[in-house]
Amino acid sequence: MSAVAVFDVAIDRAAAGVPAAFTARHASGGMLRFDPAAWCRDAIAGDAALLDRCTGPTLDVGCGPGRLTGALAGLGRPALGIDISATAVRLTRRRGAAALQRDVFDPVPGTGRWRHLLLADGNIGIGGDPHQLLHRCGQLLTAAGHLHVEVAPPGTPAWSGVATVQTPDGGGKPLRWACVPLDDLAALAAATTMRILETWTEAGRWFATLTTR
């Protein structure tokens, strides 16, 4: 089973109410826990402030089962979710929101015209190379567009590259991912075409808004 298939199965189980949490472990000792059950909720504490900042057309990168894309659609704001998981896309559409099965590094509708991008739930780790991901986000945004990211708490060890997925059923599949703590975000942004506008924390979650230069 590929790592993508692990996401598909986990999201499908979580949507059915079956526990489906899994972890990704990096060779450095770093670990991230993924909780698809949380993604399947209608809202998580801390979401509201994130959504309030999405005042125009928004691309939700790694939308999962559409918690945030669906919330934006419910508020009447233009939003599109993209995810490599077919199950995630199906569940997002079931919420009445628009979604495409798409890798963020592939051609994406509206490239260069999105006013807001979301990288929530640790999705700044997508692809295992945060520098490359932020550069890509800069390409997708309009001039002076805003990227809203969720990062790891300050003091969390950073890591990137190939991690190993561990599921209750076994696992052991490789996954290109990264962990970016708030401490590392300024240097990461400075190395791309972006800069930090603000940071905030709520309900134990840490966020930042970046803009293109």
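For segment 44-56, give me each residue that is open to solvent by 50 Å² or more (accessible area, probe 1.4 Å) and of a type in the set (A, V, I, L, M, F, W, C).
Taking segment 44-56 and keeping what is open to solvent by 50 Å² or more (accessible area, probe 1.4 Å), we get 45, 48, 52-53, 55.
Of everything in segment 44-56, those that are open to solvent by 50 Å² or more (accessible area, probe 1.4 Å) and of a type in the set (A, V, I, L, M, F, W, C) turn out to be A45, A48.
Show me the helices (runs of 4 or more DSSP H) found entirely inside segment 1-105 where at least 3 residues are free of Cβ contacts under 8 Å to residues at least 40 places away in the same chain and of a type in the set (K, R).
Working: elements: 3-15, 36-39, 47-52, 67-74, 86-94.
In segment 1-105, 86-94 are the helices (runs of 4 or more DSSP H) which contain 3 or more residues that are free of Cβ contacts under 8 Å to residues at least 40 places away in the same chain and of a type in the set (K, R).
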> What is the number of the single condition among (1) on the phi > 0 side of the Ramachandran plot; (2) touching a helix residue (DSSP H, G or I) at 6+ places or on another chain (Cβ under 8 Å) that G122 does not meet?
Replying inline: (2)
> What is the residue count in segment 11-25 for residues that are buried (at least 16 other Cβ atoms within 10 Å of the Cβ) and either in contact with a Gly (Cβ under 7 Å, 6 or more places away or on another chain) or of a type in the set (A, V, I, L, M, F, W, C) (or both)?
Replying inline: 6
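If you check G161, G122, which single one turns out to be of a type outside the set (S, T, Y) and over 19 Å from W200 (Cβ atoms)? Steps first, answer last, please.
Working: G122 fails: over 19 Å from W200 (Cβ atoms).
Only one candidate passes the filter, namely G161.
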> So, of the residues in segment 57-101 that are open to solvent by 10 Å² or more (accessible area, probe 1.4 Å) and among the β-branched types (V, I, T), which turns out to be nearest to L117 (Cα to Cα)?
Replying inline: I84
> Of the conditions (1) of a type in the set (S, T, N, Q); (2) under 16 Å from the mean Cα position of the chain (by Cα); (3) within 18 Å of F22 (Cα to Cα), T167 fails just one. Which one is it?
Replying inline: (2)
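Looking only at residues that are open to solvent by 30 Å² or more (accessible area, probe 1.4 Å) and among the β-branched types (V, I, T) in segment 144-182, which one is nearest to F34 (Cα to Cα)? I'd like the intermediate steps shown before the answer.
So the first thing to find is which residues in segment 144-182 are open to solvent by 30 Å² or more (accessible area, probe 1.4 Å), and the list is 144, 146, 153-158, 160, 162, 164, 166-174, 176, 182.
Now drop any that are not among the β-branched types (V, I, T), which leaves 156, 162, 164, 167.
Working: T156: 16, V162: 16, T164: 13, T167: 10 Å.
Residue satisfying both the conditions and the ranking: T167.
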> Considering segment 111-143 alone, what residues qualify as being over 12 Å from the mean Cα position of the chain (by Cα), open to solvent by 20 Å² or more (accessible area, probe 1.4 Å), more than 15 Å from R195 (Cβ to Cβ) and not polar (S, T, N, Q)?
Replying inline: G112, R113, W114, R115, D129, R136
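So which of A15, A38, A49, A10 ends up being among the hydrophobic types (A, V, I, L, M, F, W, C) and farther than 20 Å from R94 by Cα? Even if it seems obvious, please write down each step before you answer.
On the way: A15 fails: farther than 20 Å from R94 by Cα; A38 fails: farther than 20 Å from R94 by Cα; A10 fails: farther than 20 Å from R94 by Cα.
Within the list A15, A38, A49, A10, the selection yields A49.
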> Can you name the residue in segment 131-149 that is in contact with a helix residue (DSSP H, G or I) (Cβ under 7 Å, 6 or more places away or on another chain) and not aliphatic (A, V, I, L, M) and, of all such residues, is nearest to S28 (Cα to Cα)?
Replying inline: H131
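The values are calculated or read from the model by the stated rules, or taken from the named source; none is laboratory data. This one's a predicted model, so the numbers in the text were calculated from it and none came from an experiment. Note: ideal-geometry Cβ built from the backbone for every residue, glycine included; neighbour counts use all protein chains shown. These accessible areas exclude ligands, DNA and RNA; they are computed on the full protein's heavy atoms, side chains included. Shrake-Rupley method; radii C 1.70, N 1.55, O 1.52, S 1.80 Å.
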